[in-house]
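The values are calculated or read from the model by the stated rules, or taken from the named source; none is laboratory data. Every value quoted in this text rests on a predicted model; they were computed, and no experiment measured them. Reconstructed Cβ throughout: ideal geometry from the backbone, glycine too, with neighbour counts over all protein chains shown. Quick note on the areas: whole protein, heavy atoms, side chains included, nothing else; ligands and nucleic acids left out. Shrake-Rupley method; radii C 1.70, N 1.55, O 1.52, S 1.80 Å.
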Protein chains: 2
Amino acid sequence: MLIAKIFVQLKPSVLDPQGKAVTNSLHNLGFNQVHETRISKYIEIRFDSNDKTETAKQVEKICDSLLANPNTETYHFELQEC
Amino acid sequence: MLIAKIFVQLKPSVLDPQGKAVTNSLHNLGFNQVHETRISKYIEIRFDSNDKTETAKQVEKICDSLLANPNTETYHFELQEC
């Protein structure tokens, strides 16, 4: 069995309103050293397969077709045996 | 400057309806080797500080008070210089 650990993040040029809201809340709570917050998705997918090459291709298709918005987001992933 | 890389994940015993929906969608798209999907938050916070010990304490307070729901979620993080 393989596990894909996938990070889907907003492109650096894209505003992150949720992250901005968290930064403001943290300042209000007194955490004044907080400079910036960026919130992303972390997705783990378990595959009934041991073929890393084929599974990596599937993960790319999955990210392109479902998990990431190519206009605003980037992704990267790693595959591990589990 | 320090960056905290924080993972906030549902406890393994807690149902993840969003992950279940993604798994179902992937099966419908023909990705039949997908066994399970778990969706989590990945948060990066930049601090105007170089004191790792003090910043680690702040990150714990931030997770406990704002980012993670202690009833259903766990978190872990690492601190890096940037």
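A few comments on the model shown:
- Accessible area that becomes buried as A packs against B, both chains, 1.4 Å probe, Å², nearest 100: 2800
- For the protein assembly as shown, the residue among A:GLN80, B:PHE47, B:ASN28 whose Cα projects farthest onto the positive side of the dipole built from Cβ charges is B:ASN28.
- Environment charge of A:LEU2, counting only residues whose C-beta is closer than 13 Å and scoring Lys/Arg +1, Asp/Glu -1: -3
- With respect to chain A, whose longest principal axis is taken over its alpha-carbon atoms, helix A:17-28 is tilted by about 40°.
- Mean partner shielding of peptide A:44-55, defined as the number of other chain Cβ atoms within 10 Å of each residue Cβ, is 4.
- Mean per-residue shielding of peptide B:25-33 is 4, counting Cβ atoms of other chains within 10 Å of each Cβ.
- To put it simply, the accessible area of chain A at a 1.4 Å probe is 47 percent carbon and sulfur.
- Rounded to the nearest 20, the Cβ-based charge dipole of the protein assembly as shown about its Cα centre (Lys and Arg +1, Asp and Glu -1) stands at 280 debye.
- Annotation: average projected area of the protein assembly as shown is 10.2 square nanometres, based on the convex hull of Cα atoms across all directions.
- The convex hull built on the alpha-carbon positions of the range A:2-81 has an orientation-averaged projected area of 6.4 nm².
- C-alpha long axis of helix A:52-62 to longest principal axis of chain A, angle in °: 50
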